[in-house]
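The values are calculated or read from the model by the stated rules, or taken from the named source; none is laboratory data. Note that this is a predicted model, so its numbers are computed, not measured. As a convention, Cβ positions derive from the backbone with ideal geometry for all residues, glycine included, and neighbour counts pool all protein chains shown. Side chains are part of the model used for accessible areas, which takes the heavy atoms of the whole protein and leaves out ligands, DNA and RNA. Shrake-Rupley method; radii C 1.70, N 1.55, O 1.52, S 1.80 Å.
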Amino acid sequence: QVQLVESGGGLVQVGGSLRLSCAASGSIVSINSMGWYRQAPGKQRELVATVTSGGNTNYGDSVKGRFTVSRDNAKNTVLLEMNSLKPEDTAVYYCNAALWRGGFLTMMNYWGQGTQVTVSS
C-alpha cells in the first residue's frame, strides 16, 4: 500500500504562519502530482494547492498570495507554507498524491489521514 503522512498542523494566531509537510511512501513508480486539500466542518473539501512533477502549481483562489506549495521529487514530499493565516483557514488539511503504484496500470489518487489547522482570532 501507499501511505501519505502529514505533519505540521496545530494552533496558530491570526496573521501567523505554519508549514505542513507530507511524505509519500510505499511501492511508487511515479508521482504525477502532490498537493493539499482542506475541509472545514459542514463544508465541502476544497483545493488548497497542488504541484506537478514538472513544477506546475495550482492554487485555490482563497489562498493565492498567502500560501506556497513546493515539492521534492526525489524524496516524494510536498510542503505547504502558509502565511498571513485567517480564521477562515481553519480546517483539516489533507495531503493528496496522484501516482502510479507498482503493480497497477492506471494512475490512482491517495490521501493522507489529515492534520488539523486551527487559526484563532
Would you confirm whether any residue within the stretch 21-29 is free of Cβ contacts under 8 Å to residues at least 60 places away in the same chain and surrounded by fewer than 15 Cβ atoms within 10 Å (Cβ to Cβ)? yes
Being crowded, with 17+ Cβ neighbours inside 10 Å and charged (D, E, K, R) narrows 38, 66, 45 down to just 38
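Each row is one residue, and each column tells you yes or no for (1) at pLDDT 95 or above; (2) in contact with a helix residue (DSSP H, G or I) (Cβ under 9 Å, 6 or more places away or on another chain); (3) on the phi > 0 side of the Ramachandran plot.
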| site | (1), (2), (3) |
| --- | --- |
| 5 | yes, no, no |
| 8 | yes, no, yes |
| 17 | yes, no, no |
| 23 | yes, yes, no |
| 33 | yes, no, no |
| 63 | yes, yes, no |
| 75 | no, no, no |
| 78 | yes, no, no |
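With respect to residue 93, is the statement that it is assigned to a strand (DSSP E or B), within 23 Å of residue 42 (Cα to Cα), modelled with pLDDT of 95 or more and open to solvent by less than 30 Å² (accessible area, probe 1.4 Å) true?
Values: assigned to a strand (DSSP E or B): yes; within 23 Å of residue 42 (Cα to Cα): yes; modelled with pLDDT of 95 or more: yes; open to solvent by less than 30 Å² (accessible area, probe 1.4 Å): yes.
For residue 93, the condition - assigned to a strand (DSSP E or B), within 23 Å of residue 42 (Cα to Cα), modelled with pLDDT of 95 or more and open to solvent by less than 30 Å² (accessible area, probe 1.4 Å) - is met.
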Identify, by number, the condition in (1) without any contact (Cβ under 8 Å) to a residue 40 or more places away in the chain; (2) within 12 Å of the chain's Cα centre (by Cα); (3) surrounded by 15 or more Cβ atoms within 10 Å (Cβ to Cβ) that residue 80 doesn't meet. (1)
Flag for residue 106 being part of a loop (DSSP other than H, G, I, E, B), within 18 Å of residue 28 (Cβ to Cβ) and among the β-branched types (Val, Ile, Thr): yes
